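The values are calculated or read from the model by the stated rules, or taken from the named source; none is laboratory data. Everything numeric in this text was worked out from a predicted model, so none of it was measured. Positions of Cβ are generated from backbone atoms using ideal geometry, with glycine treated the same way; all protein chains shown enter the neighbour counts. Note: areas computed on protein heavy atoms with side chains; ligands, DNA, RNA excluded. Shrake-Rupley method; radii C 1.70, N 1.55, O 1.52, S 1.80 Å.
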Amino acid sequence: MTVDAALGRGDKQSMARATLTIDLNAIVANWRALDAMSPGETAACVKADAYGLGAERVAQSLQKAGCETFFVAIAEEGAALRRALGPSSRICVFGGHMEGDHTALAEGTLIPMLNSKEQISRHFKRLPDSPFGIQLDTGMNRLGLEPADWADLRDGVMPKAPVLVMSHLACADEAGHRMNQRQLKAFEEMTADVATRRSLAATGGILLGAPYHFDLTRPGIGLYGGAPFKAARPVVHLALPVIQTRLLASGETVGYGNIWTAKRSTKIATVASGYADGLIRAIGRSMRLFAGDTPCALVGRVSMDLITVDVTDLQSPPASLDILGAHQGVDDLATAAGTIGYEILTSLGARYARVYKGG
């Protein structure tokens, strides 16, 4: 067993630190493409730090492109986003008005999407003059007012009207799923005589067509290059530096558990990233990393900080290998791990050196 090369020296940035490149121009292009599909307003969902890619930079780029409304999950996300965007944009909070949120909601001029009678009562008690939206449950049974509660509130309990009424589709990524039509019908019935703006569609709902668009759409995953928006431009590129390469004799094993055995003289590259960086252990050995256009097989188990890769057929030891990029997107990685692109994106770790293009 011999060591061929070791990398790790650098100046200001360690050469052992992986680089995550985020293409802000691609995010803007994806937003514009989705915006062109419906005549109403197109907002942007930037919750969970813009799906792990940096809410401040992403939202500022979308704001410059003309996006006026943004959605986050909780009031704290909204407060941070307000500081980044200034006073002009609308920022809506999916989680509504929770106990203790009133200061953040008021100071950030945030719009909570109220989900229950309790939240409505709290909002009118604490912030009676502040705008709000309403989220309705049309069958997903996750967040929102039930039809009976909504009917009661509309009979005079609410002293003022919401600025937006919305619901969320459970199966929009499956175009033929019968739940889509059921929820559309329920939403139409529950909002038939609503004078305010309505919203039902996120990325998948936009792709279902005009009946689902209403006044405002709110794409999320499609902005970041994920399914089901197949026409999306790729957004992320993740290059993992090679720390070391070594030559194995036939019969030697690699990694925890000795689960991979060399069947020939094999050159192994060890790269700096692992499940602590969001490259989850379940990715498995079907995954490939790329040296330019050449695929290289992942061997052994993904460990906390390291991944081992078969680079035998390369002409020379690579300085880095790509795990996300032109040849392999977040949904490819997700499929190999038995999960979804959302989990891959939102799990990308803090140790990456983040580089933004465009914006």
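Values for this structure:
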| item | result |
| --- | --- |
| Residue among Cys67, Gly338, Pro241 farthest towards the positive dipole end of the chain, charges placed on Cβ | Pro241 |
| Total formal charge among the other residues, if their Cβ is under 13 angstrom from that of Ala192, Lys/Arg +1 and Asp/Glu -1 | 0 |
| The chain: angle of helix 55-65 to the longest principal axis, Cα-based, in degrees nearest 10 | 60 |
| Positive-end extreme of charge dipole, the chain - chosen from Ala106, Leu164, Tyr224 (charges on Cβ) | Tyr224 |
| Nearest-0.05 FRET efficiency for Glu188 and Ala326, computed from C-beta distance (R0 45 Å) | 0.60 |
| Carbon plus sulfur fraction of accessible area for the stretch 22-64, probe 1.4 Å, in percent | 47 |
| Accessible area per residue, Å², the chain with all protein chains present, probe 1.4 Å | 46 |
| Gained length - Ser250 relative to Thr109, 0.36 nm times residue gap less alpha-carbon distance | 44.3 nm |
| Max mean-square fluctuation residue, GNM over the chain, Cα-Cα springs under 10 Å, options Ala192, Ala231, Ala36 | Ala192 |
| For Cα extents along the principal axes in Å, calculated from these coordinates, the label among [x] 65, 43, 37; [y] 79, 45, 36; [z] 74, 52, 37 | [y] |
| Helix 75-85 vs. the chain, principal-axis angle (Cα, 0 to 90°, nearest 10) | 80 |
| Residues of the stretch 124-141 with amide N under 18 Å of the 7 Å Cα→Cβ point at Asp152 | 124-125, 134-138 |
| Calculated FRET value between Ser303 and Arg142, using beta carbons and R₀ = 25 Å, to 0.05 | 0.10 |
| For Ile243, distant residues with modelled amide H under 5 Å away | Thr270, Val271, Ala272 |
| Cβ-placed point charges (K, R +1; D, E -1), dipole of the chain about Cα centre in debye, nearest 20 | 720 |
| Per-residue HN-Hα couplings for the stretch 238-249 [Karplus 6.51, -1.76, 1.60; θ = phi - 60°; Hz; x = Gly/Pro] | 10, 9, 9, x, 7, 7, 7, 10, 8, 9, 9, 7 |
| Within the stretch 35-170: Cβ-based charge dipole about Cα centre, in debye rounded to nearest 20 (Lys, Arg +1; Asp, Glu -1) | 240 |
| Only Lys, Arg (+1) and Asp, Glu (-1) charged, at Cβ; the stretch 103-194 dipole about Cα centre in debye | 160 |
| Nearest-ten-degree value, helix 117-126 long axis tilted from longest Cα axis of the chain | 80 |
| Near-label residues of the stretch 116-140 by backbone N, under 18 Å of a point 7 Å along Cα→Cβ of Val163 | 120, 123-136 |
| Whole-number D in µm²/s for the stretch 197-266 (Stokes-Einstein; Kirkwood sum over Cα pairs; 4 °C, 1.567 mPa s) | 79 |
| 10 Å Cβ shell holding at most 15 others, DSSP loop, GluC sites (Glu not before Pro): longest site-free stretch of the chain | 175-359 |
| Values of log10 I(q)/I(0), in the order q = 0.11, 0.23 Å⁻¹, for the stretch 215-341 under a Debye, Cα-only, solvent-free model | -0.40, -1.40 |
| Protein accessible area in the stretch 114-192, 1.4 Å probe - carbon and sulfur % | 48 |
| Of Tyr352, Ala291, Thr312, farthest towards positive along the dipole that unit charges on Lys, Arg, Asp, Glu beta carbons give the stretch 277-359 | Tyr352 |
